[in-house]
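**Q** Before I ask anything, let me first share the structure, which is written out below as structure tokens.
The values are calculated or read from the model by the stated rules, or taken from the named source; none is laboratory data. The structure displayed is predicted, hence computed values, not measured ones. Please note: Cβ atoms are built from the backbone with ideal geometry, for glycine as well, and neighbour counts cover all protein chains shown. Just the protein is used for accessible areas: all its heavy atoms, side chains included, with ligands, DNA and RNA removed. Shrake-Rupley method; radii C 1.70, N 1.55, O 1.52, S 1.80 Å.
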Amino acid sequence: LLLVSDGQSTHGRDFGDILRLAYDLNTTISAMNLVAQKSDASIQILGPDKQIEQLDTEFLVAVNKVGDPSCSITIKSDGNIVVQTSKLEDFTFNRRFGQGDHKLHAQMACQNDHFSANNQYFKTIQIVPKPKILYLAKEASPLDTSFTRYYRYERTPTMPSSLSSYQAVVINDFSAQELLPHTPLLQDYVAEGNGLVVVGGKNAYDQG
């Protein structure tokens with residue numbers, strides 16, 4: 001049996017217990033110290049595949065190496081250079097995109113590097129419009145500021161007759177009695193897979 005491991009135990013018995021068990025069973029455990037014969041480096045861009053428009057999106061550039069390669073790294077977004085570095089270590093960068101599909105490209109220019117196929121990486125991200133939500137509220141609140149950043153929202157004190165144009169409904173501080181006439185509409189809306197968030201207040205939950 002050949003086991004390739006970093007020697008770190010994350011579950012169950014630790015390595016010392018395994019050695020003790022092997023001793024009790026009169027079993028031999030031999031360790032091999034593997035030394036790289038050639039140098040190599042690889043790169044990846046890790047991050048979401050979809051994001052809302054005009055929001056900062058963080059990406060992780062994962063750099064792996066063995067031996068002592070010498071490389072420079074260039075990160076491009078839609079053909080434009082956004083990062084250049086010669087440090088072979090993980091790092092992050094942020095981008096803000098408009099609607100549509102965008103391409104990220106990571107490329108390493110290396111010396112004494114064995115495999116060239118892992119020296120570049122492509123990633124695409126789809127940027128979608130801000131979701132449209134209905135905000136049912138009788139007065140302004142700090143939620144208005146939060147919604148402005150992430151959503152296109154309409155604030156109204158009364159429930160409209162149709163909810164088909166909204167991806168979610170947020171109800172802020174309404175009593176059960178006020179919502180009772182609209183229960184069938186909300187039930188159908190949620191049953192179709194749409195979102196419903198209810199926020200408490202002076203008139204909601206045990207207060208209403």
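**Q** Between Gln207 and Thr27, what is the label-point separation in nm under the 7 Å Cα-to-beta-carbon projection?
**A** Distance between the two pseudo-spin positions: 6.4 nm.
**Q** Before I look further, what does the chain give for accessible area per residue, probe 1.4 Å, in whole square angstrom?
**A** Accessible area per residue: 68 Å².
**Q** Using 0.36 nm per residue, how much length does the chain from Val128 to Ala140 gain when fully extended, once their Cα-Cα distance is taken away?
**A** Values: separation 12, 0.36 × 12 = 4.32 nm, distance 2.73 nm.
Stretched fully, the Val128-Ala140 segment lengthens by 1.6 nm.
**Q** Would you tell me the accessible area of Val198, worked out with a 1.4 angstrom probe on the heavy atoms of the protein chains, in Å² to the nearest 10?
**A** Ignoring ligands and nucleic acids, Val198 comes out at about 70 Å².
**Q** Measure off 7 Å from each Cα along the Cα-to-Cβ vector at Asp101 and Leu19, then give the distance between these two points in nanometres to one decimal.
**A** Spacing of the two 7 Å Cα→Cβ label points: 5.4 nm.
**Q** Which is farthest toward the positive dipole end of the range 1-149 among Ala36, Ile127, Thr74, measuring Cα position about the Cα centre, with Cβ charges +1 (Lys, Arg) and -1 (Asp, Glu)?
**A** Farthest along the dipole direction, towards plus: Ile127.
**Q** For the range 55-88, list residues with backbone N below 18 Å from a point placed 7 Å from the Cα of Lys38 toward its Cβ?
**A** So the set is 64-71.
**Q** Let me ask something else. To the nearest 0.05, how large is the calculated FRET efficiency for Gln187 and Glu154 if R₀ is 22 Å and r is the Cβ-Cβ distance?
**A** 0.55
**Q** Using a 1.4 angstrom probe on the protein heavy atoms only, could you order Lys202, Lys65, Lys132 from most to least accessible area?
**A** Lys202, Lys65, Lys132
**Q** Let me ask another. Between Thr10 and Asp68, what length in nm is gained on full extension when 0.36 nm per residue of separation is reduced by their alpha carbon distance?
**A** 18.0 nm
**Q** Follow-up question, since we're still on this one. Mind ranking 21-30, 139-148 by how tightly packed they are, going by the mean number of other C-beta atoms within 10 angstrom, highest first?
**A** 139-148, 21-30
**Q** Here's another thing I want to ask about it. Over 24 Å between Cα atoms, which of Lys38/Lys76; Lys132/Lys202; Lys50/Lys138; Lys65/Lys123; Lys38/Lys87 qualify?
**A** Over 24 Å Cα-Cα: Lys38/Lys76; Lys132/Lys202; Lys50/Lys138.
**Q** Considering only protein heavy atoms and a 1.4 Å probe, what is the carbon-and-sulfur percentage of the accessible area of the range 147-208?
**A** 52
**Q** Stokes-Einstein diffusion coefficient for the chain at 20 °C in a medium of 1.002 mPa s, Rh from the Kirkwood formula over Cα pairs: what value in µm²/s?
**A** 94
**Q** So, with +1 on the Cβ of K and R and -1 on the Cβ of D and E, and no other charges, what is the size of the charge dipole of the chain about its Cα centre, to the nearest 20 debye?
**A** 480
**Q** With each label point set 7 Å from Cα along the Cα-Cβ vector, what nm distance links Ala117 and Thr92?
**A** Going by the 7 Å Cα→Cβ label model, 3.2 nm.
**Q** Given a cut-off of under 8 Å on Cα pairs at least six residues apart, what relative contact order in percent is computed for the chain?
**A** Relative contact order here is 16 percent.
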